[in-house]
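Colleague: I'd like to ask you about the structure that follows.
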Amino acid sequence: MHAMVWDSVRLKRDSLISATDWTQMPDAPLTPEKKAEFTAYRQALRDIPQTYDNPDDIVWPTKPTI
C-alpha cells in the first residue's frame, strides 16, 4: 500500500515537472529571475521523495506565477 501511494506521488510530481518543461528552454519568454524561480520549483518537486518520509506529510511547492 505504501509503495502504491508513493507511485501516485511520483506520477503527480512528474506531471507537474512536465508541465513546466518549456520554462527551461533557452528561448522561453521568461526573465532570468522567473526562469530561476521555475528552476527552484522543479528542483523542489524532484526532491519530494527524499524530503518526506510519509506521503501524507507532503506540502507541494507553489508553482511560480508568470
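Colleague: So which of 57, 47 ends up being at pLDDT below 95 and either under 30 Å from residue 2 (Cβ atoms) or surrounded by 14 or more Cβ atoms within 10 Å (Cβ to Cβ) (or both)?
Modeller: On the way: 47 fails: at pLDDT below 95.
None of the others qualify; the one that does is 57.
Colleague: Out of all the residues in the range 23-35, which are among the hydrophobic types (A, V, I, L, M, F, W, C) and either surrounded by 13 or more Cβ atoms within 10 Å (Cβ to Cβ) or in contact with a helix residue (DSSP H, G or I) (Cβ under 9 Å, 6 or more places away or on another chain) (or both)?
Modeller: Initial filter on the range 23-35 (among the hydrophobic types (A, V, I, L, M, F, W, C)): 25, 28, 30.
Matches in the range 23-35: 28, 30.
Colleague: A further question on this structure: What are the residue pairs meeting all of these: first residue in the range 26-37, first residue without any contact (Cβ under 8 Å) to a residue 60 or more places away in the chain, second residue in a helix (DSSP H, G or I), Cβ atoms under 8 Å, and 6 or more apart or on different chains?
Modeller: Correct list of pairs: 28/22; 28/35; 30/23; 30/38; 34/23; 35/23; 35/24.
Colleague: Out of the range 3-42, which residues are among the acidic types (Asp, Glu) and assigned to a loop (DSSP other than H, G, I, E, B)? It would help to see each step written out before you state the result.
Modeller: Going through the range 3-42, the residues among the acidic types (Asp, Glu) turn out to be 7, 14, 21, 27, 33, 37.
Correct list: 27 only.
The values are calculated or read from the model by the stated rules, or taken from the named source; none is laboratory data. Quantities reported herein were computed from a predicted structural model and do not represent experimental measurements. In this analysis, Cβ positions are derived from the backbone assuming ideal geometry, glycine residues included, and neighbour counts consider all displayed protein chains.
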